[in-house]
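To keep things clear, I will list the structure first and then write my remarks on it.
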Amino acid sequence: MVMTVDVVLPCLDEEAALPWVLGRMPAGYTPVVVDNGSTDRSASIARSLGARVVSEPRRGFGAACHAGLLAATAEIVCFMDADASLDPRQLPSVVSALEAGRDHLVLGRRVPREGGAWPWHARLGNVALAAILRRRTGFPLRDLGPMRAAPPPALLGLGVTDRRFGYPLETVLRAAAAGWRLSEVEVGYLRREGRSKVTGTVRGTVRAVADMRRVMASL
């Protein structure tokens, strides 16, 4: 049986990317764009293209993700960036393991498909983080990518508290501690539209790493 799917898209000033992203959403996948304080036309463009729009004025990647999770009504919720670095047409491959009942949380492992898609500083940080995750969870994870899928009630039950860049990491650590089965599916990684708020700068990467260190120290 095919399950219903909501796709949470944390969004901060992504008016240039949203038409491409929403235009490639698979049939039956409902986009939930979480406007995290955009100063451009992101929210109005998303509405005009048929997306549900949720406003989350408190800034923070985790705050936007959690607002989208609270708004999700489908049997499965997916998360992905709204910057066109990931193709929504890859979502069914991430969801398929959940539909088959094999896993509780499926992560999209990013594989660069274009030059410049993944800056060296962000990739280096991810390699180190993945090594820590393998030790902490016991699963052969190689990426903490922004595309992932799980059942909403179960995710809420994990009690994730971080509202910054540590949100995905805390989700994985709490899921592993709760005995969830975790797996990865390869997804293509593209150059994003515009400049990244995180991986596009060394400063942004350092900020994200600091948030993740704080999460690891607290669990």
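The values are calculated or read from the model by the stated rules, or taken from the named source; none is laboratory data. All figures in this text were calculated on a predicted structure; none of them were measured in a lab. Neighbour counts run over all protein chains shown; Cβ positions are idealised from the backbone, glycine included.
Taken over the range 1-48, the criterion of being β-branched (Val, Ile, Thr) and in contact (Cβ under 8 Å) with a residue 40 or more places away in the chain is satisfied by Val2, Thr4, Val5, Val7, Val8, Val21, Thr30, Val32, Val33.
Please indicate, with yes or no, whether at least one residue in the range 67-82 is more than 15 Å from Val5 (Cβ to Cβ), assigned to a helix (DSSP H, G or I) and more than 12 Å from the chain's Cα centre (by Cα). Spell out how you get there, then give the answer.
From the range 67-82, those more than 15 Å from Val5 (Cβ to Cβ) are 67, 70, 81-82; that's our starting set.
Still in the list and also assigned to a helix (DSSP H, G or I): 67, 70.
Checking which are more than 12 Å from the chain's Cα centre (by Cα) leaves us with 67, 70.
Scanning the range 67-82, I find at least one residue that is more than 15 Å from Val5 (Cβ to Cβ), assigned to a helix (DSSP H, G or I) and more than 12 Å from the chain's Cα centre (by Cα), so the answer is yes.
Could you go through the range 52-64 and let me know if any residue there is in contact with a helix residue (DSSP H, G or I) (Cβ under 9 Å, 6 or more places away or on another chain), of a type in the set (Asp, Glu), modelled with pLDDT of 95 or more and not in a strand (DSSP E or B). The answer is yes, given that some residue of the range 52-64 is in contact with a helix residue (DSSP H, G or I) (Cβ under 9 Å, 6 or more places away or on another chain), of a type in the set (Asp, Glu), modelled with pLDDT of 95 or more and not in a strand (DSSP E or B). Take the conditions (1) buried (at least 18 other Cβ atoms within 10 Å of the Cβ); (2) more than 17 Å from the chain's Cα centre (by Cα); Gly50 misses just one of them, which is (1). Search the range 5-35 for residues being of a type outside the set (Gly, Ala, Ser) and assigned to a loop (DSSP other than H, G, I, E, B), and hand back the single one that is nearest to Val95 (Cα to Cα). Once the filter is applied, the top-ranked residue is Pro26.
Just so you know, in the range 114-147 the residues that are aromatic (Phe, Trp, Tyr) and in a loop (DSSP other than H, G, I, E, B) include one that is modelled with the lowest pLDDT, and it is Trp118. Scanning the range 168-182 finds one or more residues that are surrounded by fewer than 22 Cβ atoms within 10 Å (Cβ to Cβ), among the basic types (Lys, Arg), at pLDDT 95 or above and not in a loop (DSSP other than H, G, I, E, B). Ser96 fulfils the conditions (1) under 30 Å from Leu129 (Cα atoms); (2) of a type in the set (S, T, N, Q); (3) modelled with pLDDT of 95 or more except for a single criterion, (3).
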